[in-house]
Amino acid sequence: MIGFVFLAVIALAAIGIYAAMFKRNLIKIVVGINIIASAANLFLVSLGYREGGIAPIFTGAESLNMVLATPQALTLTSIVINLAVTALMLSFAIMIYRHYGSLDALKRRLKE
Amino acid sequence: MSEIIFSTGSVAWSPLMLVAGVAIAIAIAYLVRAMGSNNYKRSGEQGMAFFSGNRHPDDGIGSENLYWGFFKSMEGYYEFMKKMHSGIVNDYVFWFVLVVVVLLAGMAFGGIL
Amino acid sequence: MILENAPALAIGIPLFAAFAVFFFGKLGKRAMKVWVVAGLLAAEVFIIWLAMDALSGISHFYAVGAQVPGIISQAGFPVRVVLVVDAVSALVALVAMSLCLLAGLFSLRFFEKKEGGEKFYSLLLLLAAGITGLSFTGDFFTMFVFLEVISISSAGLIVFFREGEGFEAGFKYLVLLAIGALFLLFGVGIFYGKYGLLNIGAIASLVGVNASFIDFTAVALIASALLLKCGSFPVHMWKPDVYQKASGIVSAVLVASGLVGIYALFRVLFLMLANTPLSAMVGWVIAILGVFSIFVGVTMALKQTSLKRLVGYAAVAETGFVLLAFGTGLAAVTSMDIFSFRAVIGGMFQLVNDGLDLGLLFLLIAAVGFVTKKKRIGEISGLAHKSPVLAVLFLIGMFAISGMPPFNGFASKIIIYESVYMASPVFSIVGILGSVMLLAIFVKVFVAIFLGPPYKGKVEVLPKSMLLVMCIFAFFILLLGLFPKQAIEGVFLPAAKALINSQAYIGGIL
């Protein structure tokens with residue numbers, strides 16, 4: 001069933017939001033954001049699907065019925081951006097561990 | 001004159017007239033001050049701030065104590081605000097997801113109706 | 001030939017300069033500073049040229065990478081990424097790039113004795129490129145990309161001095177903005193799935209024809225992500241943390257990114273919701289969020305002991321004023337009566353004043369920290385005896401931000417008070433209360449830092465470049481305050497008309 005992909009997207013996004021909202025370990029929050037990013041990428045790629053289409057490569061193509069290529073470009077951009085953001089967040093988590101001694105989100109000093 | 005009068009719907013005022021008025025007031029205040037006596041010593045008793053007869057504190061008065069009455073009367077509100085601005089990331093994400101849910105519910109159901 | 005490509009060059013020059021700074025850093029500190037100022041100044045010149053055109057009515061629509069950049073839609077819909085320079089986006093880009101340029105000039109002496117200058121300037125130029133890109137973009141996916149560029153580079157700038165608490169602020173900021181940008185990507189994906197287009201103007205023209213449940217879901221996701229970016233009430237908590245831990249220079253540029261976030265939010269909302277019955281509801285919701293932002297920002301600011309955190313909460317309140325004004329304008333966009341139009345003009349004026357006042361205050365705090373080498377507000381007092389110039393500048397900034405005549409805050413705020421009174425008197429009352437409490441907060445700060453017995457520590461001489469930059473801010477504050485009528489007719493009226501008029505935007509694209 002075609003619509004199954006979108007159910008998977010919603011499930012992944014829900015898992016990611018749950019991890020970001022309820023987990024106390026900073027690394028788990030970063031993993032949660034990564035899961036939301038995977039959901040967004042899956043959503044983008046699945047938007048371009050056409051029934052019976054093949055990969056959108058022109059050289060040596062058997063037929064001209066291809067899936068859309070634009071969402072694949074958008075997904076690549078999104079993957080690279082999320083890579084940069086995840087790397088930056090993880091480096092911040094390392095430095096927080098070095099200065100505070102723990103990775104707990106409840107042990108914060110900036111409040112009110 | 002209408003070049004320098006700024007009028008909104010129901011108010012009209014001219015900034016340059018205000019500046020002129022303030023300048024005149026400052027000039028009058030300066031004239032009054034110049035008519036005073038100038039045997040005033042900066043140091044010693046005459047130069048210190050007045051504390052209604054109490055002892056002068058050594059390290060100065062903090063300005064945190066300025067609005068005590070306001071804080072005391074709004075204590076309940078400030079307790080709630082302290083809980084809201086807890087500083088924990090998870091609470092911040094919760095508020096964002098709440099905004100998304102409220103806007104989605106409002107827009108999607110408002111669009112259907 | 002060069003001027004034809006001005007929109008792309010205004011984004012591309014700081015981007016290129018950001019990567020070439022490392023090369024110039026090897027040649028010496030002087031060469032690096034000259035390169036940074038040259039890069040920012042070149043972009044500023046292009047934006048000033050574009051703004052002069054746009055504010056007199058000529059909008060530029062630029063297709064990136066086309067042979068003839070002026071032709072946008074040959075097949076009935078735009079094919080390439082389109083950069084839109086009309087009155088309001090040129091004004092916002094001008095304010096943002098001017099803030100970046102002035103902050104860059106200010107920071108030249110700040111890094112005399114510190115290491116790592118080239119990394120700071122690289123991030124600053126990247127942030128300037130991202131902010132300009134977000135204000136010129138006409139394409140949803142480019143909006144996502146530039147949003148992420150802004151969040152990454154500003155997160156790097158926030159943690160620049162490597163204190164533990166700075167990393168905590170940067171982590172919270174980046175987590176929130178990453179989640180927000182991903183929700184924006186969901187909304188963009190929904191629009192792409194339904195229409196096959198990514199261009200804002202083209203989608204707006206199709207949404208106007210038959211809007212449905214799916215469109216409004218996408219607009220809700222995009223709007224909430226941009227509300228997070230500009231820092232309105234329920235999601236404003238990152239603002240005080242970030243403004244507290246970033247250096248004063250970085251905070252001034254972050255104010256600019258907040259302003260561009262507000263512009264992007266209302267650009268999308270005015271275009272998408274122009275002919276639908278939802279504009280009233282969304283406008284009211286945003287106006288109510290603005291009122292709450294004013295109240296929460298001001299009351300929390302009264303309690304703070306850290307100076308930059310206090311100004312951060314005041315920034316939340318100032319953003320609340322702009323949201324209130326634009327929300328009132330959005331609520332009546334279908335039947336634009338004179339008061340709603342005035343609300344949009346007031347919001348536009350307040351946006352520019354926001355940048356000027358908060359920029360001046362943050363740079364002043366950085367200057368005070370530089371001059372006394374102390375970090376906490378409790379340790380400084382009586383500074384007015386040693387450096388009266390800083391005291392006068394702080395007075396100007398304080399009166400401007402709390403809406404005292406004859407400064408620019410008064411002119412914009414009185415337009416806002418009057419026009420939102422028609423929507424609901426409570427908004428006007430909370431607005432006036434907020435302004436008065438802002439004055440109360442800053443009087444407390446002024447008395448704490450500048451008045452009292454003379455400061456006993458050593459006070460360094462303020463460098464001339466820093467003083468010049470702050471005087472430029474004060475000059476524009478006074479200029480906009482003393483001649484508000486000319487400023488409104490020349491600058492803010494065309495910008496407000498361009499924001500409301502969705503037909504002009506769509507007509508330029510298609």
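Brief remarks follow.
- For segment C:365-405, the set of residues classified as surrounded by fewer than 22 Cβ atoms within 10 Å (Cβ to Cβ), outside any helix (DSSP H, G or I) and touching a Pro at 6+ places or on another chain (Cβ under 9 Å) consists of C:Gly382, C:Ala384, C:His385, C:Lys386, C:Pro405, listed by residue number.
- Neighbours by Cβ (under 7 Å, 6+ apart or cross-chain): first from segment B:77-93, more than 17 Å from C:Leu228 (Cβ to Cβ) and more than 7 Å from chain A (Cβ to nearest Cβ); second assigned to a helix (DSSP H, G or I) and open to solvent by 20 Å² or more (accessible area, probe 1.4 Å): B:Tyr78/B:Phe71
- Hey, C:Ser412 of a type in the set (S, T, N, Q) and open to solvent by 30 Å² or more (accessible area, probe 1.4 Å) or not: no
- Residue list for segment C:111-126, restricted to those being in contact with a Gly (Cβ under 9 Å, 6 or more places away or on another chain) and either outside any helix (DSSP H, G or I) or aliphatic (A, V, I, L, M) (or both): C:Phe111, C:Leu123, C:Leu124, C:Leu125, C:Leu126
- Qualifying residues in segment C:289-326 (those that are of a type in the set (Lys, Arg) and touching a residue at least 60 places away in the same chain (Cβ under 8 Å)) - the one least open to solvent (accessible area, probe 1.4 Å): C:Arg309
- Among the conditions (1) more than 12 Å from chain C (Cβ to nearest Cβ); (2) under 30 Å from C:Asn199 (Cβ atoms), the only one that A:Asn25 does not satisfy is (2).
- Any hit, segment C:35-58, residues being assigned to a loop (DSSP other than H, G, I, E, B) and at negative phi: yes
- Residue match in segment C:168-177 (condition: surrounded by fewer than 22 Cβ atoms within 10 Å (Cβ to Cβ), touching a residue at least 24 places away in the same chain (Cβ under 8 Å), within 30 Å of C:Trp35 (Cα to Cα) and within 12 Å of chain A (Cβ to nearest Cβ)): no
- Residues of segment C:142-166 satisfying the condition of being in a helix (DSSP H, G or I), in contact (Cβ under 8 Å) with a residue 60 or more places away in the chain and either away from chain A (no Cβ under 12 Å) or not β-branched (Val, Ile, Thr) (or both): C:Met143, C:Leu147, C:Ser154, C:Leu157, C:Glu165, C:Gly166
- Residue list for segment C:334-364, restricted to those being assigned to a loop (DSSP other than H, G, I, E, B) and either within 14 Å of chain B (Cβ to nearest Cβ) or under 16 Å from the mean Cα position of the chain (by Cα) (or both): C:Asp337
- Of residues in segment A:84-103 being touching a helix residue (DSSP H, G or I) at 6+ places or on another chain (Cβ under 7 Å) and open to solvent by 50 Å² or more (accessible area, probe 1.4 Å), the one farthest from C:Glu163 (Cα to Cα): A:Leu90
- Candidate set: segment C:296-306, residues that are assigned to a helix (DSSP H, G or I) and at the interface with another protein chain (Cβ under 10 Å from one of its Cβ atoms); chosen: the one modelled with the lowest pLDDT: C:Leu302
The values are calculated or read from the model by the stated rules, or taken from the named source; none is laboratory data. Predicted, not measured: the structure shown is a model, and the values here were computed from it. Cβ: placed from backbone, ideal geometry, glycine included. Neighbour counts: every protein chain shown. Please note that ligands, DNA and RNA were not included when accessible areas were found on the heavy atoms of the full protein model with its side chains. Shrake-Rupley method; radii C 1.70, N 1.55, O 1.52, S 1.80 Å.
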